[in-house]
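Structure, as structure tokens:
A short reminder: the numbers here are calculations on the coordinates, not readings from a lab. All values derive from a computational prediction rather than experimental measurement. Methodologically, a virtual Cβ is constructed for each residue, glycine included, from the backbone with ideal geometry; neighbour enumeration extends over all protein chains shown.
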Amino acid sequence: MSSNLEKETALVEAILYMEGDPLDEGGISRICGLSKEAITAALDNLAERYKAAGCGLELARIGGGIMISAKREYWDDLKDRYGKKTEGKISRAAMETLAIVAYSQPVTRAEIEKIRGVSADNMIRLLLEKSLVREAGKKDIPGRPVMYGTTKEFLKLFRMNSIAELPKLSDIDVEKFELVGEKY
């Protein structure tokens with residue numbers, strides 16, 4: 001490896017470490033002034049370096065960006081101490097509401113309530129405060145209710161690059177997310 005690539009790799013690694021939040025290649029390029037090709041080569045180099053058995057880090061693609069993270073195999077041992085503060089403070093009711101939003105988005109408060117069978121106002125407010133859900137527009141029906149969707153914080157919390165990485169639902173679970181005559 002050339003010493004130039006070595007320096008570029010070290011620079012990209014330092015940026016990812018200092019930022020803490022996922023960055024895409026364009027964001028890294030704007031910070032350090034390297035070309036996107038140089039960024040890609042440095043990221044490939046880092047990924048290869050992190051594959052070593054004695055390394056506890058990996059490059060994680062989260063929400064369309066890249067960040068340095070503990071390897072998944074070590075996360076269970078570390079999450080109690082280093083996990084997101086929001087992770088331990090989400091009640092079962094909030095998790096149910098979050099799951100409905102994640103699998104049914106965009107979804108309105110009324111649709112969430114039909115699926116859960118109880119009021120969702122407090123849970124939606126809590127999830128908005130924790131930046132796990134966001135307003136995703138208004139539904140084109142009378143009253144134009146707000147529709148909700150998940151955020152990059154949601155993806156980061158659950159270590160996903162996109163919502164497409166959600167576990168597939170079984171047929172029984174799919175039925176829980178259906179309303180009479182309507183699928184979500």
Explain nothing, just the number: dipole magnitude of region 91-172 about its Cα centre with +1 on each Lys and Arg Cβ and -1 on each Asp and Glu Cβ, in debye rounded to the nearest 20. 160
Please report how far the C-alpha centroid of region 108-132 lies from that of region 11-70, rounded to the nearest whole angstrom. 35
Sorted by average packing, counted as other Cβ atoms within 10 angstrom per residue and highest first, what order do 24-33, 10-19 take? 10-19, 24-33
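Kindly flag which residue pairs out of K130/K168; K51/K79; K7/K79; K71/K156 have an alpha-carbon separation exceeding 23 Å in this structure.
Result: K130/K168; K7/K79 exceed 23 Å.
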Per-pair calculated FRET efficiency, R0 = 30 Å: A70 and S3 via Cβ, rounded to 0.05: 0.55
The chain, helix-only ellipticity at 222 nm - DSSP H runs n ≥ 4, -39,500 (n - 2.57), divided by all residues, nearest 500: -15500 deg cm²/dmol
Quick check for me: using +1 on Lys/Arg Cβ and -1 on Asp/Glu Cβ, what's the dipole size of the chain about its Cα centre, in debye to the nearest 20? 520
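Let's see if you can work this out: charge +1 on each Lys and Arg Cβ, -1 on each Asp and Glu Cβ, no other charges. What is the dipole magnitude of region 3-80 about its Cα centre, in debye to the nearest 20?
So the magnitude is around 100 debye.
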Determine Rg/Rh for region 85-176; Rg is computed over alpha-carbon atoms and Rh is the Kirkwood hydrodynamic estimate from the same atoms. 0.95
Projected area, mean over directions - region 3-80, Cα convex hull, nm²: 5.4
If I take every Cα pair under 8 Å that is 6 or more residues apart in region 3-80, average their sequence separation and divide by the length, what percent do I get for the relative contact order? 32
Using +1 at the C-beta of Lys and Arg and -1 at the C-beta of Asp and Glu, which of A10, S35, P106 has the Cα lying farthest in the positive direction of the dipole of the chain? P106
From Cα coordinates alone, what are the radius of gyration and Dmax values for the chain in angstrom? 20.0, 64
Where does each of L166, L126 land when they are ranked from fewest to most other beta-carbon atoms within 10 angstrom? L166, L126
